[in-house]
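Participant: Below is one structure. I have some questions about it.
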Amino acid sequence: MPPQLAGAHRPSKGKSTRPILEQLPSVCVNDLQIPRDYQIYLLPNISLRYPQLASARIAFNFVEFHHPSLHRGGQPHIQTFRLKPIKTGFGIRHAFVCACGKPTIKLYYWWRNLACRRCINARYATQTLNKHTRPVLQASRIASFLDSKSRLYRRTRERLKKRLGEKLMQAQGQLGTDARSLWK
């Protein structure tokens, strides 16, 4: 065995404590309406969409999230994130600047904090699976994508079902072995 592998840290066979991104609540910058003027706006009803937040303040260059306090008379936890404008060919998009200094589109809620995926050391669901169980996740994602009514036009959905439908059925029939036909 090479010395790099001999001294490498391997996770235990048991369950890992790293969170899975798809299971964490997240705040996307595309869901917020970033103002174009220099005023600060209060979003008091943000808790209806994001129950882990009490309120938020938003301006053209920062967003301030107020977490609810744990005790009745306690101070709420406040996190402030700068907004970085990203110039595209047809306008401006925004990204949060995390505490690590990297821009990100989504902030994930973990241990009463909002942070990017690198700061919370999270992993994707596909990273938790091996090569035999990964086609199960892929088949379920394709099926849910084809069954979604809001994202696809009817003709596009029919065309994709015609193209991917038989591959999806082959993958579901071969879940016990492997689903190589899914990638052909």
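Participant: Restricting attention to the alpha-carbon atoms of region 90-131, what are Rg (one decimal) and Dmax (integer), both in Å?
Facilitator: Values for region 90-131 (Cα only, Rg and Dmax): 13.1, 41 Å.
Participant: Next question, about the same structure. Note down the net charge around Ala54, summing +1 for each Lys or Arg and -1 for each Asp or Glu among other residues with Cβ under 14 Å from its Cβ. Please report the intermediate quantities before stating the final value.
Facilitator: On the way: positive: Arg49, Arg57, Arg72, Arg112; negative: Glu64.
Local net charge: +3.
Participant: At q = 0.15, 0.24, 0.30 Å⁻¹, what log₁₀ I(q)/I(0) does region 110-160 have when each alpha carbon counts as one equal point scatterer in the Debye sum?
Facilitator: Reported log10 I(q)/I(0), two decimals: -0.67, -0.85, -1.03.
Participant: With a Förster radius of 35 Å, plug the Cβ-Cβ distance of Thr80 and Ser148 into 1/(1 + (r/R0)^6) and report the FRET value to the nearest 0.05.
Facilitator: Numbers: r = 35 Å, r/R0 = 1.00.
Rounded to the nearest 0.05, the efficiency is 0.50.
Participant: Right, another one. Rounded, prolate or oblate: which one fits region 59-137, using the alpha carbon gyration tensor with axes a ≥ b ≥ c (rounded when a/c is under 1.5, else prolate when a/b beats b/c, else oblate)? Kindly include the intermediate steps, with their values, before the conclusion.
Facilitator: Details: a/c = 3.04, a/b = 1.22, b/c = 2.48.
Cα axes put region 59-137 in the oblate bin.
Participant: Using the Cα centre as the reference, give the magnitude of the dipole from point charges on the C-beta atoms of region 21-124 (Lys, Arg: +1; Asp, Glu: -1; all else neutral), rounded to the nearest 20 debye. Kindly include the intermediate steps, with their values, before the conclusion.
Facilitator: Values: 14 positive and 4 negative charges, 61 e Å.
So the dipole magnitude of region 21-124 works out to roughly 300 debye.
Participant: Less than 10 Å Cβ to Cβ from Thr80, Lys/Arg counted +1 and Asp/Glu -1: what total charge do the surrounding residues give?
Facilitator: Working: positive: Arg57, Arg82; negative: Glu64.
Value of the local net charge: +1.
Participant: Per the Debye formula with a single identical scatterer at each Cα and no solvent contribution, what log10 I(q)/I(0) holds for region 1-141 at q = 0.12 Å⁻¹?
Facilitator: Taking Cα atoms of region 1-141 as identical point scatterers yields -0.65.
Participant: Let me know the whole percent of all Cα-Cα pairs from region 13-69 that are separated by more than 16 Å.
Facilitator: The answer is 52 percent, as a whole percent.
Participant: Positive end of the dipole of region 40-134, charges at C-beta (+1 Lys, Arg; -1 Asp, Glu), about the Cα centre: which of Ala115, Gln79, Pro51 has its Cα farthest in that direction?
Facilitator: Value: Ala115.
Participant: Assuming 0.36 nm per residue, please report the length gained on full extension of the stretch Thr126 to Arg157 beyond their Cα-Cα distance.
Facilitator: On the way: separation 31, 0.36 × 31 = 11.16 nm, distance 2.48 nm.
Once the chain is fully extended between Thr126 and Arg157, it gains 8.7 nm.
Participant: Applying a 10 Å radius around every beta-carbon, put 52-65, 35-48 in order of their mean neighbour count, most first. The partial results should precede the final answer.
Facilitator: On the way: 52-65: 17.6, 35-48: 11.9.
Sorting 52-65, 35-48 by mean packing, highest first, produces 52-65, 35-48.
No lab work stands behind these numbers, since they all come straight from the coordinates. Keep in mind it's a predicted model, so treat the numbers as computed, not measured. Positions of Cβ are backbone-derived with ideal geometry, glycine not excepted, and every protein chain shown enters the neighbour counts.
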